[in-house]
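Beneath this line is the structure, given in structure tokens, with notes to follow.
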Amino acid sequence: MKEIANETIEKNVEIKHKKEFTIFDFPLIRILAWFIVYSIVGYIIETLFGLLTKGVIESRQSFLYGPFCSIYGVGAVVMVLGLQKFNKNNYTLFAGGFVIGSVVEYVISFIGEWFFHIKWWDYSTMPFNINGRICVCFSLFWGLLAIYLMTYVHPRIEKLLDKINPRALKPITIVLTIFIFIDFVVTGFALKMFYVRLVKNYNLDIQGVEDYIDEYTKIYENPKMKEFIDKYFSDEKMLKTFPNIKVTKKDGNVIWICDILKNIQPYYVRVFTPQMKNYEIFNNT
């Protein structure tokens, strides 16, 4: 009887897994959980990096509200999935990481400039770069990171997720995914309103703004909307959330918003004053 019961349970589990939507044989919920964990890890890494290089505690998040650096989440998920066929030895992992990491970095940089009109990083001063989005130096870094990710980091992330009750993991993952998506949409709207306000108040000729400035100017000129936007998406809120935000002018020049809003402190707390200046290429949101 016990054997029959065990077989029934195993069949039910198999049927359940077959019904789940999978990508490269990994359940979608699991992949979303990876994205969330790596986004949080990225946020912590970026915060510590900002502290060590600039001596300040500042926001390093991708969107307005959650403690997530989604660039890390997206990058890690694509790397883990894409490196499955390269996970034979360190040489194949390095080659796969070099290519996949470079493609991910280029695409994310393009999306940032296209959707948010933000330059998260700029490698244009570094040798062997493509449009300032990727360069050989960091592509080599992606190769080394792939080895470390697949042999050391990801197995531990998997063990961490395995310790969480599946009945709890699924709803938590779904709720956080929905939250991140809403945060993403709200951030896109807030940034567009922020750029409209910069154009209006500082007469900036920002690339891409002409695509939506008329529509969003009408929204901003509505008294109730203006009051709401200025309260919840104020210049201080936007600059403190994205302290390293840069935009490209129509003449091609890249400008730092903190150089325009000089009366606003872009960080939360200064811990110490570093001896060397922070390198621009590492300034991501």
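The values are calculated or read from the model by the stated rules, or taken from the named source; none is laboratory data. This is a predicted model, so every value here is computed, not measured. Neighbour counts run over all protein chains shown; Cβ positions are idealised from the backbone, glycine included. Each accessible area value is taken on the protein alone, full model and side chains, heavy atoms only, with ligands, DNA and RNA left out. Shrake-Rupley method; radii C 1.70, N 1.55, O 1.52, S 1.80 Å.
Report, in order of residue number, the helices in the chain meeting two criteria: a C-alpha extent of 24 Å or more along the helix axis, and a mean Kyte-Doolittle hydropathy of at least -1.0; treat each whole DSSP H run as one helix.
Working: long enough: 2-19 (26 Å, -1.38); 28-54 (38 Å, 1.61); 90-111 (30 Å, 1.42); 166-202 (52 Å, 1.14).
The answer, listed by residue number, is 28-54, 90-111, 166-202.
Carbon-plus-sulfur fraction of the accessible area of the chain, 1.4 Å probe, in percent? Don't skip to the end; give the middle numbers.
Numbers: 10620 of 16530 Å².
Within the chain, the accessible surface is 64 percent carbon and sulfur.
Can you list, largest first and rounded to whole Å, the semi-axes you get for the stretch 121-166 by taking the square root of 5 times each eigenvalue of its Cα gyration tensor?
Values: eigenvalues 230, 27, 6 Å².
Semi-axis lengths for the stretch 121-166 are 34, 12, 5 Å.
Dividing the convex hull volume of the Cα atoms of the stretch 45-132 by its residue count, what figure in Å³ per residue is obtained? Show your work: numbers first, answer last.
Working: hull volume 11.8 nm³, N = 88.
Spelled out: Cα convex hull of the stretch 45-132, divided by residues, is 134 Å³.
How high is the relative contact order of the chain, in percent, counting Cα pairs under 8 Å that sit 6 or more residues apart? Display every interim value, and only then the final one.
On the way: 344 pairs, mean separation 68.2, N = 285.
Contact order relative to length: 24 percent.
Among the aspartates and glutamates, which have Cα under 17 Å from the Cα of K192 when same-chain residues fewer than 8 positions away are ignored?
Straight-distance partners of K192: E113, D183, D205, E210, D211, D214, E215, E221, E227, D230, D235, E236.
With a probe of 1.4 Å, find how much accessible area the stretch 155-285 has per residue, and write the answer as a whole number in Å². Numbers along the way, then the final one.
Values: 8040 Å² over 131 residues.
Roughly 61 Å² per residue, with all protein chains present.
Counting residues in the stretch 99-138 as N, plug N into 2.2 N^0.38 Å and put the Cα Rg over that result.
Details: Rg = 9.7 Å, N = 40, 2.2 N^0.38 = 8.9 Å.
Ratio of Rg to 2.2 N^0.38 Å for the stretch 99-138: 1.08.
With N denoting the number of residues in the stretch 199-243, provide Rg(C-alpha) divided by 2.2 N^0.38 Å, to two decimal places.
Values: Rg = 11.5 Å, N = 45, 2.2 N^0.38 = 9.3 Å.
The reported ratio for this selection is 1.23.
Please give me the summed charge of the neighbours of V78: other residues whose Cβ is under 14 Å from its Cβ, Lys and Arg +1, Asp and Glu -1. Provide the component values of the computation, followed by the final result.
Details: positive: K85; negative: E105.
Surrounding charge for V78 is 0.
By per-residue mean of other Cβ atoms within 10 Å, what is the highest-first order of 73-82, 44-53, 28-37? Mind showing how you got there, number by number?
On the way: 73-82: 20.8, 44-53: 16.1, 28-37: 19.3.
Highest to lowest by the protection proxy: 73-82, 28-37, 44-53.
Mind running the shape call on the stretch 73-179? Use the C-alpha gyration tensor, a ≥ b ≥ c as the square roots of the eigenvalues: rounded below 1.5 for a/c, prolate if a/b tops b/c, oblate otherwise.
Values: a/c = 3.17, a/b = 1.35, b/c = 2.35.
Note, shape of the stretch 73-179 comes out oblate.
For semi-axes √(5λ) of the Cα gyration tensor in Å, one of (1) 39, 25, 18; (2) 29, 25, 18; (3) 32, 21, 17 was computed from the structure I shared and the rest are decoys. Which label?
Label of the calculated value: (1).
With the alpha-carbon atoms as the only input, what is the per residue convex hull volume for the stretch 164-272 in Å³? Present the calculation step by step, with values, prior to reporting the outcome.
Values: hull volume 18.2 nm³, N = 109.
It comes to 167 Å³ per residue, whole-number rounded.
Can you tell me which of 160-171, 145-156 comes out highest on packing, and rank the rest after it, using the mean Cβ neighbours within 10 Å? Present the calculation step by step, with values, prior to reporting the outcome.
Working: 160-171: 11.1, 145-156: 16.2.
Highest to lowest by the protection proxy: 145-156, 160-171.
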